[in-house]
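The values are calculated or read from the model by the stated rules, or taken from the named source; none is laboratory data. Since the model is a prediction, treat every value here as computed from it, not as a measurement. Heads up, the Cβs are rebuilt from the backbone with ideal geometry, glycines too, and the neighbour counts pull from every protein chain shown. Heavy atoms of the whole protein, side chains included, go into the accessibility calculation; ligands, DNA and RNA do not. Shrake-Rupley method; radii C 1.70, N 1.55, O 1.52, S 1.80 Å.
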Amino acid sequence: MIELTDTHAHLDQIENLDSVLKRALEAGVKAIVAVSSDYNSCIRTLEISKNKIVRILPAFGIHPWEITKEETDKCLEFIKENYHKAVAIGEIGLDYWYKEVKKDKTKKELQQNLYRKQLSIAKEYDLPVIIHSRGAWQDCFTLCKEAGIKKAVFHWYSGPVDILKEIINNDYLVSATPALSYSPQHQDAIKNAPLDSLLIETDSPVFYRNQQGGFNSEPKDVTSTLELVSSIKNSEKTVVAEKTLQNAKKFFNLN
Ligand SMILES: [Zn+2]
């Protein structure tokens, strides 16, 4: 069976986790990178990572939608104290299309400040970063590069192709999700990114549209990401699976 890693899932937001993980294992998913979005989510993700059904690799971070929460300083402290338990800092980044930012421009600065702080933690502890960059692709890239980060993945990248080229030339990665089945921007990005620069993921439990209406994703659906990438790249599934698994192992320092 093909071995897969779901490199981006919000396991802290998933109910009936044991059965979800069992289904993932049955689908060939041997490891899941569990991203966090705020203080409580970091605590919960760390707890979940003790689960033995599938190898769970925690990442700690504050998501750009959660920047106004009071406990951000507490969360940054948590990350510094527990960095050795994490495989990455994430999900962090900027989102200029987020409704709060559209309403109030000062929120943009707040996002940037918190993003910078988390990039410097990643730099200090030599951890890769998982970036949410919606509507803020250029700034996400520039700040990341300026912070001296060596390893970054632009998750679910759906931005302009010229920025994608900068990302790739800088040896950063992008990741594909099941939105490849309908998002022209995401399709364009994955078409233009070499296999060497790709990770596959689900962003579970995100809801994706399909011909039957849609579905709430779970890590087993990384098989559908794999199929979509294979067809867009015109490559065998086994080739894409092997390559993206190697990329994930190298990126997250796994053995
Ligand atoms: Zn996410």
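Yes or no: residue 111 open to solvent by less than 20 Å² (accessible area, probe 1.4 Å) and either within 16 Å of the ligand (Cβ to nearest atom) or not acidic (Asp, Glu) (or both)? Steps first, please.
Numbers: open to solvent by less than 20 Å² (accessible area, probe 1.4 Å): yes; either within 16 Å of the ligand (Cβ to nearest atom) or not acidic (Asp, Glu) (or both): yes.
Here the answer is yes, as residue 111 does meet what is asked.
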Looking only at segment 202-238, count how many residues are in contact (Cβ under 8 Å) with a residue 40 or more places away in the chain, closer than 24 Å to residue 167 by Cα and away from the ligand (no atom under 16 Å from the Cβ). 6
If I filter segment 95-104 for residues that are in contact with a Leu (Cβ under 8 Å, 6 or more places away or on another chain) and open to solvent by less than 40 Å² (accessible area, probe 1.4 Å), do I get at least one hit? no
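Is it true that residue 183 is within 16 Å of the ligand (Cβ to nearest atom) and crowded, with 23+ Cβ neighbours inside 10 Å? If you could, list the steps in order and put the result at the bottom.
Values: within 16 Å of the ligand (Cβ to nearest atom): yes; crowded, with 23+ Cβ neighbours inside 10 Å: no.
The answer is no for residue 183.
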Residue in segment 114-129 that is away from the ligand (no atom under 15 Å from the Cβ) and over 26 Å from residue 76 (Cβ atoms) present: no
Those residues that are assigned to a loop (DSSP other than H, G, I, E, B) and under 21 Å from residue 37 (Cα atoms), I need them from segment 156-186; list them, please. 156, 157, 158, 177
Working only within segment 130-149, note down all residues that are within 16 Å of the ligand (Cβ to nearest atom) and not in a helix (DSSP H, G or I). 130, 131, 132, 133, 134, 135, 136
Please pick out the residue among 133, 120 that is open to solvent by 20 Å² or more (accessible area, probe 1.4 Å) and of a type in the set (Ser, Thr, Tyr). 120
Within segment 187-201, is even one residue away from the ligand (no atom under 16 Å from the Cβ) and assigned to a strand (DSSP E or B)? yes
Taking segment 32-70 as the search range and keeping residues that are open to solvent by 40 Å² or more (accessible area, probe 1.4 Å) and either closer than 20 Å to residue 5 by Cα or in contact with a His (Cβ under 6 Å, 6 or more places away or on another chain) (or both), which one is farthest from the ligand (Cβ to nearest atom)? 52
Would you say residue 125 is open to solvent by 20 Å² or more (accessible area, probe 1.4 Å) and either in contact (Cβ under 8 Å) with a residue 12 or more places away in the chain or more than 17 Å from the chain's Cα centre (by Cα) (or both)? yes
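Residues that are in contact with a Phe, Trp or Tyr (Cβ under 7 Å, 6 or more places away or on another chain), open to solvent by 20 Å² or more (accessible area, probe 1.4 Å) and outside any helix (DSSP H, G or I): does segment 216-230 have at least one? Write out each step before concluding.
The initial filter retains those residues of segment 216-230 that are in contact with a Phe, Trp or Tyr (Cβ under 7 Å, 6 or more places away or on another chain), namely 216-217.
Adding the requirement that they be open to solvent by 20 Å² or more (accessible area, probe 1.4 Å) leaves 216.
Going one step further and asking which of them are outside any helix (DSSP H, G or I), we end up with 216.
Yes, some residue in segment 216-230 is in contact with a Phe, Trp or Tyr (Cβ under 7 Å, 6 or more places away or on another chain), open to solvent by 20 Å² or more (accessible area, probe 1.4 Å) and outside any helix (DSSP H, G or I).
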